[in-house]
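One structure is given here, and the rest of the page talks about it.
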Amino acid sequence: MRLVLATANPDKVAEISALLTGVELAPRPPGLPEVEESGQTLEENARLKARAVGEATGEPAVADDTGLEVAALSGAPGVRSSRYAGEDASYGDNVAKLLGALEGVSERRARFRTVALVSFPDGREVLAEGTVEGAITDEPRGEQGFGYDPVFAPDGGGGHTFGEMTLEQKGTLSHRARAFRKMAALLTSP
């Protein structure tokens, strides 16, 4: 089976390519416009992206959307995680805003949640979700990963942040890994 990746983010491409085994992945064609993530949920955003790329290419497309949900912030930044500090925010901007919002807060439990979705030209969809529980650290640690990885210490990670883990180590615990492993099983099962 061949799927077109809806993401052009090189960090996500590397992770997804390592996780979605048994499936041929094609890169997002150059020149496709960015899809506005106007959904109110992670599932809606994943669907918007997969459908747009699928319609543009005529092929099945795979997309995901991920949110960091912090208990002390009533689930924020959630669906707006990549735009938490503004539409053109960098990873560093988002992390700085998050740490500022949690300054002086002792309850730092959080979870990462990924929704992965494949949209087929005939309208069928395959959906898989993955989550990982953890906590937000007081300051960034590590140079690996991307996004909030330097401030998220997953349960079962020995106190290390995703930013301190190799891609392989992160792949044993992460939300995206769990979602795309489920997706691979759904797509390759008879």
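The values are calculated or read from the model by the stated rules, or taken from the named source; none is laboratory data. Since this is a predicted model, take the numbers as computed values, not measurements. Reconstructed Cβ throughout: ideal geometry from the backbone, glycine too, with neighbour counts over all protein chains shown.
Would you confirm whether or not the range 58-66 contains a residue that is under 18 Å from the mean Cα position of the chain (by Cα), exposed (fewer than 14 other Cβ atoms within 10 Å of the Cβ) and either more than 17 Å from Ala179 (Cβ to Cβ) or without any contact (Cβ under 8 Å) to a residue 12 or more places away in the chain (or both)? I'd like the intermediate steps shown before the answer.
Filtering the range 58-66 down to residues under 18 Å from the mean Cα position of the chain (by Cα) leaves 61-66.
Adding the requirement that they be exposed (fewer than 14 other Cβ atoms within 10 Å of the Cβ) leaves none.
The answer is no, given that none of the residues of the range 58-66 is under 18 Å from the mean Cα position of the chain (by Cα), exposed (fewer than 14 other Cβ atoms within 10 Å of the Cβ) and either more than 17 Å from Ala179 (Cβ to Cβ) or without any contact (Cβ under 8 Å) to a residue 12 or more places away in the chain (or both).
Being assigned to a loop (DSSP other than H, G, I, E, B), touching a helix residue (DSSP H, G or I) at 6+ places or on another chain (Cβ under 8 Å) and modelled with pLDDT of 95 or more narrows it down to one residue among Ala89, Ala110, Ala85; which is it? Step through it out loud before you land on a result.
Numbers: Ala89 fails: modelled with pLDDT of 95 or more; Ala110 fails: assigned to a loop (DSSP other than H, G, I, E, B).
Result: Ala85 is the single residue among Ala89, Ala110, Ala85 that is assigned to a loop (DSSP other than H, G, I, E, B), touching a helix residue (DSSP H, G or I) at 6+ places or on another chain (Cβ under 8 Å) and modelled with pLDDT of 95 or more.
Do you know which of the residues in the range 133-146 that are under 16 Å from Leu68 (Cβ atoms) and modelled with pLDDT under 95 is surrounded by the most Cβ atoms within 10 Å (Cβ to Cβ)?
That would be Gly145.
Out of all the residues in the range 10-24, which are touching a Ser or Thr at 6+ places or on another chain (Cβ under 9 Å) and loosely packed, with under 15 Cβ neighbours inside 10 Å?
Thr21, Gly22
Please pick out the residue among Glu129, Glu59 that is among the charged types (D, E, K, R), part of a strand (DSSP E or B) and at pLDDT 95 or above. Reasoning before the result, please.
On the way: Glu59 fails: part of a strand (DSSP E or B).
Only one candidate qualifies: Glu129.
Can you name the residue in the range 166-190 that is surrounded by fewer than 22 Cβ atoms within 10 Å (Cβ to Cβ) and in a loop (DSSP other than H, G, I, E, B) and, of all such residues, is modelled with the lowest pLDDT?
The qualifying residue modelled with the lowest pLDDT is Pro190.
Test Glu34 against the criterion of being among the acidic types (Asp, Glu) and closer than 21 Å to Arg181 by Cα, and give yes or no.
Working: among the acidic types (Asp, Glu): yes; closer than 21 Å to Arg181 by Cα: no.
No: the conditions fail for Glu34.
Restricting to the range 38-57, what's the tally of residues that are farther than 13 Å from Ala26 by Cα and more than 17 Å from the chain's Cα centre (by Cα)?
Number of matching residues: 4.
Any residue that is out of contact with any strand residue (DSSP E or B) (no Cβ under 6 Å at 6 or more places or on another chain) and either part of a loop (DSSP other than H, G, I, E, B) or not aliphatic (A, V, I, L, M) (or both) - is there at least one of those in the range 63-73?
no
Conditions tested, residue by residue: (1) at pLDDT 95 or above; (2) of a type in the set (D, E, K, R); (3) touching a Pro at 6+ places or on another chain (Cβ under 6 Å).
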| residue | (1), (2), (3) |
| --- | --- |
| Asn9 | no, no, no |
| Leu19 | no, no, no |
| Glu36 | no, yes, no |
| Glu44 | yes, yes, no |
| Lys49 | yes, yes, no |
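Where residues in the range 84-110 are without any contact (Cβ under 8 Å) to a residue 24 or more places away in the chain and among the charged types (D, E, K, R), which of them is farthest from Leu20 (Cα to Cα)? I'd like the intermediate steps shown before the answer.
Narrowing the range 84-110 to residues without any contact (Cβ under 8 Å) to a residue 24 or more places away in the chain: 84-90, 92-93, 96-97, 100, 103-104, 106.
Checking which are among the charged types (D, E, K, R) leaves us with 87-88, 93, 97, 103.
On the way: Glu87: 29, Asp88: 29, Asp93: 30, Lys97: 32, Glu103: 37 Å.
Result: Glu103.
Regarding Lys49, is this residue closer than 23 Å to Ile16 by Cα, part of a helix (DSSP H, G or I) and of a type in the set (D, E, K, R)?
Details: closer than 23 Å to Ile16 by Cα: yes; part of a helix (DSSP H, G or I): yes; of a type in the set (D, E, K, R): yes.
Answer is yes for this residue.
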